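Where a number appears in this text, it was derived from the coordinates with a stated rule and is not lab data. None of the values given here were measured: they were computed from a predicted structure. Counting neighbours? That spans all protein chains shown, and the Cβs are built from the backbone with ideal geometry, glycine included.
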Amino acid sequence: MTGMTMDAAVGAYLFVLGLVLGSFYNVVGLRLPRGESVVYPPSSCGSCGMSLRARHLVPVFSYIATCGRCAGCRTKISPLYPAGELATGLMFIWVYGLHGYTEGLLTGLLLVSLSVMVTVADLKYMLIPNKLLLLFLAPLAAAVSLTSELPIWNHALGALAGGAVLLLIVIVSGGGMGMGDVKLFTLLGLVLGLPLVFLALIMACLAGTVIGGALLLTGRIQRKQPVPFGPFLAIGALAAYGYGTAIIEWYITLFM
Ligand SMILES: [Zn+2]
């Protein structure tokens, strides 16, 4: 195989892997906060209880094939499911595009996986489960220590800075954000290190302003309605992870 077809083959493999894992991440994000098993029982329709047989579990495609409805009772299935699957698949390809088939790929795939599960849990329950963060702590710390070009103390400071800044925001704002966000951003700070953790926070606030503003303008949310911030922290971290160094270099050239 030439380099190009090899790349396409790995990319296609990672996309399908992302769709399948994304389907599992949905289940984890929905069940972990309620203390339910993530493997048993198999997914079923929330309305009629019909268990989703294998052919209904093909990510994204089964949703399209059934027009987004349960095959048993035709109840609408949340578009969040195929969205989570598709997002995981696309972001797996994105990470591969950033790193190629190198060890740096591992950190990116873990970061995407954590982000999807946090987003599902936080959107559904306004909650980021401790278990989820603990589950990712060891693999992310290992991946970072094995592949990062920065010294370990930089990542430790990133974790400290991320946690401290968010804790300050929680104290000052008095609500809106919670301790789950503080813990999440401590973990994201560990992955990003300095100075990217600060850029991630700026991007998270930008994303929150743009997306929150759009939802407000279109009447999808009310003015005083609390909005989960975990998904925005994840978006900010992913953006900083993928493009942070380039953004900082571009920003510096503005002043040179
Ligand atoms: Zn049903």
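Most exposed first by the Cβ proxy, i.e. fewest other Cβ within 10 Å, how do 125, 25, 63 rank?
Numbers: 125 16, 25 26, 63 20.
Exposure proxy ranking, most exposed first: 125, 63, 25.
Only sites in a loop by DSSP and with at most 15 other Cβ atoms within 10 Å count here; which GluC sites (Glu not before Pro) in the range 13-113 make the cut? Don't jump to the answer; show the numbers that get you there.
Numbers: sites: 36, 85, 103; in loops: 36, 103.
Qualifying residues, ordered by number: 36, 103.
Residue by residue through the range 139-155, what is 3J(HN,Hα) from phi via Karplus (6.51 cos²θ - 1.76 cosθ + 1.60, θ = phi - 60°)? Round to whole Hz and write x for glycine and proline.
Each residue of the range 139-155 in turn: x, 5, 4, 5, 4, 5, 5, 7, 10, 6, 7, 8, x, 4, 4, 5, 5 Hz.
Between 158, 27, 177, whose Cα lies farthest towards the positive end of the dipole of the chain when Lys and Arg beta carbons carry +1 and Asp and Glu beta carbons carry -1, centred on the Cα centre?
Of the listed residues, the answer is 27.
Arrange the following residues from fewest to most other Cβ atoms within 10 Å of their Cβ: 107, 75, 253. Don't jump to the answer; show the numbers that get you there.
Working: 107 21, 75 13, 253 8.
Ranking 107, 75, 253 by Cβ neighbours within 10 Å, fewest first, gives 253, 75, 107.
Cut-off under 23 Å on the C-alpha distance; same-chain residues fewer than 8 positions from residue 183 excluded. Which lysines are left, in chain and number order?
In chain and number order, the partners are 124, 131.
What residues qualify as long-range amide H neighbours of residue 69, i.e. H under 5 Å apart, gap of 5 or more or another chain, H built at 1.01 Å from N?
Under 5 Å from the amide H of residue 69: 77.
May I ask for the net charge around residue 208, where only other residues with Cβ less than 14 Å from the Cβ of residue 208 are counted and Lys, Arg are +1 while Asp, Glu are -1? Kindly include the intermediate steps, with their values, before the conclusion.
Working: positive: none; negative: 122, 181.
Net local charge, residue 208 excluded: -2.
Show the residues, 5+ positions off or on another chain, whose built amide H is closer than 5 Å to the amide H of residue 44.
So residue 44 has HN proximity to 52.
So which cysteines of the chain have no other cysteine's Cβ under 4.7 Å from theirs?
Lacking a cysteine Cβ partner under 4.7 Å: 67, 205.
Identify the chymotrypsin sites (Phe, Trp or Tyr not before Pro) of the range 214-256 meeting these criteria: DSSP loop state and at most 12 other C-beta atoms within 10 Å of the C-beta.
Numbers: sites: 229, 232, 241, 243, 250, 251, 255; in loops: 229, 255.
Qualifying residues, ordered by number: 255.
Report the Cα centroid-to-centroid distance between the range 99-146 and the range 167-184 in angstrom, as an integer.
Computed from Cα coordinates, the inter-centre distance equals 20 Å.
Kindly identify the chain as rounded, prolate or oblate by the Cα gyration tensor criterion: order the square roots of the eigenvalues as a ≥ b ≥ c, call it rounded if a/c is under 1.5, otherwise compare a/b with b/c, prolate if a/b is larger, else oblate.
On the way: a/c = 1.74, a/b = 1.26, b/c = 1.38.
Oblate is the answer for the chain, as a/c is 1.5 or above yet b/c matches or exceeds a/b.
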